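Read the figures in this text as sums done on the coordinates, not as results from a lab. Since the structure is predicted, the reported quantities are computational estimates derived from the model, not experimental observations. Cβ atoms come from the backbone with ideal geometry, glycine included; neighbour counts cover every protein chain shown.
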Amino acid sequence: DTEVTQTPKHLVMGMTNKKSLKCEQHMGHRAMYWYKQKAKKPPELMFVYSYEKLSINESVPSRFSPECPNSSLLNLHLHALQPEDSALYLCASSRVGTDSYNEQFFGPGTRLTVL
Amino acid sequence: DQQVKQNSPSLSVQEGRISILNCDYTNSMFDYFLWYKKYPAEGPTFLISISSIKDKNEDGRFTVFLNKSAKHLSLHIVPSQPGDSAVYFCAASAGNSGYSTLTFGKGTMLLVSP
């Protein structure tokens, strides 16, 4: 299984809502990533988890709260978002190792619209 | 300041011809470079990569060339096929912290016409 799955595919939420994005992989990867991609822009890294521990937080506002409950799952909890947070949210995973570079495998993304 | 630059937003090529996508970078610490392909409504798909210790890597119709002195890499697709029409992102990584952190270019939209 070389797939990263993300649910939901589309999400529309109000600024007072609380919602969660989910990501799952069964490739045995121990690094997982959240990216945000706006239209006509490259993906921008938000968070990195390595061995289920948060390793990188790229100064993301606290209204985005990541969670890695186990090695296969990655969640992104959303609360009090702003319309400018509307974007495609991509999850990725990779192996962790020092002997060679480890490519990231991406999911299809969740298209988020904040009203 | 953008550390990875793809200066051509789009490229149109006829089927069967060569497609050349270019990428420039500014960070001398980058030691691994990747190309990803992205269709609309899908996540990026890994295509091909190259380590900074090499100057060429080939995989089927895809070849990536790296010119370290010029801080430039290019992706050649030969022959181009209509199914290659997609957005191509150049990405780079610095160091090896065990996991990878990628810096992406803005992407080049390739259109291959029959």
Give me the dipole magnitude in Debye, nearest 20, for chain B about the Cα centre, with unit charges on the beta carbon: positive for Lys and Arg, negative for Asp and Glu. 120
Cross-link reach from B:K54 to lysines, straight Cα distance under 20 Å and at least 8 residues apart if same chain, gives B:K68, B:K71
Once the cut-off is 27 Å, how many percent of the Cα-Cα pairs in the protein assembly as shown end up in the long-distance tail? 34
What does the average come to when, for each residue of peptide B:35-44, you count the partner chain Cβ atoms lying within 10 Å of its Cβ? 5
Shielding by partners - mean other protein chain Cβ count within 10 Å, residues of A:101-110: 6
Which three extents, in angstrom, do the Cα atoms of chain B have along their principal axes, listed largest first? 43, 29, 25
Connecting every pair of Cα atoms under 10 Å apart in chain A and solving the GNM, the largest mean-square fluctuation among A:L88, A:L11, A:L21 falls on A:L11
Considering every residue in A:26-35, what mean count of other chain Cβ atoms within 10 Å of its Cβ is obtained? 2
Among the lysines, which have Cα under 29 Å from the Cα of A:K9 when same-chain residues fewer than 8 positions away are ignored? A:K18, A:K19, A:K22, A:K36, A:K38, A:K40, A:K41, A:K53, B:K37, B:K38, B:K106
Once you sort the root eigenvalues of the Cα gyration tensor of the range B:36-95 as a ≥ b ≥ c, which label holds: rounded (a/c under 1.5), prolate (a/b larger than b/c) or oblate (the other case)? oblate
Separation of alpha-carbon centers, the range B:1-57 and the range A:48-115, rounded to whole Å: 23
Quick check on chain A: take the gyration tensor over C-alpha atoms, sort the square-rooted eigenvalues as a ≥ b ≥ c, and tell me if it's rounded (a/c under 1.5), prolate or oblate. prolate
With a 4.7 Å Cβ cut-off, tell me which Cys residues in the protein assembly as shown come up empty for a partner. A:C68
At a threshold of 8 angstrom on Cα-Cα distance, excluding pairs fewer than six apart, so keeping six or more, what relative contact order does chain B reach in percent? 36
Running a GNM on chain A with Cα contacts under 10 Å, which residue among A:E84, A:E24, A:E52 ends up with the highest mean-square fluctuation? A:E84
